[in-house]
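A.B. asks: Take a look at the following structure, please.
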Amino acid sequence: MGKILYGESGIEVVFDDRAMAHLQLVIGAKLRRRESFFFSWKDDASVGDGRSSIWLDSSIPLYFRYSGSKPVTINREWLDILTLSAHTAQGLQFTGEPNGDTPAPRSQV
């Protein structure tokens, strides 16, 4: 499991490396265009089973830390689904991989 570290807030969001690689591509593309947006996900039951959201902006440092050393194969369909979500008024809503078994993320402060 990898982590996305959000700025200097102490917020860490734990994702499966495969999910995080797809998120990094979507988030990176939006931030390269200087587009700010919300990123939301459903929390794992271990942290309360709620929902979390963070505001992403190119001025806020993000750090993607993968637990594994090998790059993952990108699922184009999943990437398209996440990208379309990121372009909505609600912002990027994390959804699991189509026909996959992606664990729910866990946020930690």
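The values are calculated or read from the model by the stated rules, or taken from the named source; none is laboratory data. Since this is a predicted model, take the numbers as computed values, not measurements. Here Cβ is always computed from backbone atoms with ideal geometry, including for glycine, and neighbour counts include all displayed protein chains.
A.B. asks: For the range 4-13, name all the residues that are surrounded by 20 or more Cβ atoms within 10 Å (Cβ to Cβ) and in contact (Cβ under 8 Å) with a residue 60 or more places away in the chain. Show your work before the answer.
C.D. replies: Pass one, the range 4-13, residues surrounded by 20 or more Cβ atoms within 10 Å (Cβ to Cβ): 4, 6, 13.
If the condition is that a residue be surrounded by 20 or more Cβ atoms within 10 Å (Cβ to Cβ) and in contact (Cβ under 8 Å) with a residue 60 or more places away in the chain, then ILE4, VAL13 are the ones that fit.
A.B. asks: A further question follows. Of these, LEU31, LEU62, which one is closer than 23 Å to SER9 by Cα, within 12 Å of the chain's Cα centre (by Cα) and in contact (Cβ under 8 Å) with a residue 12 or more places away in the chain?
C.D. replies: The conditions single out LEU62.
A.B. asks: Let me confirm something: among ASP57, ASP16, ASP44, ASP49, which residue is without any contact (Cβ under 8 Å) to a residue 12 or more places away in the chain and charged (D, E, K, R)?
C.D. replies: It is ASP49.
A.B. asks: Just wondering, is there one or more residues in the range 3-21 that are in contact with a strand residue (DSSP E or B) (Cβ under 6 Å, 6 or more places away or on another chain), at pLDDT below 90 and hydroxyl-bearing (Ser, Thr, Tyr)?
C.D. replies: Within the range 3-21 (the criterion being in contact with a strand residue (DSSP E or B) (Cβ under 6 Å, 6 or more places away or on another chain), at pLDDT below 90 and hydroxyl-bearing (Ser, Thr, Tyr)), the answer is yes, since at least one residue qualifies.
A.B. asks: Return the total of residues in the range 64-89 being at pLDDT 95 or above and touching a strand residue (DSSP E or B) at 6+ places or on another chain (Cβ under 8 Å).
C.D. replies: Qualifying residue count, the range 64-89: 3.
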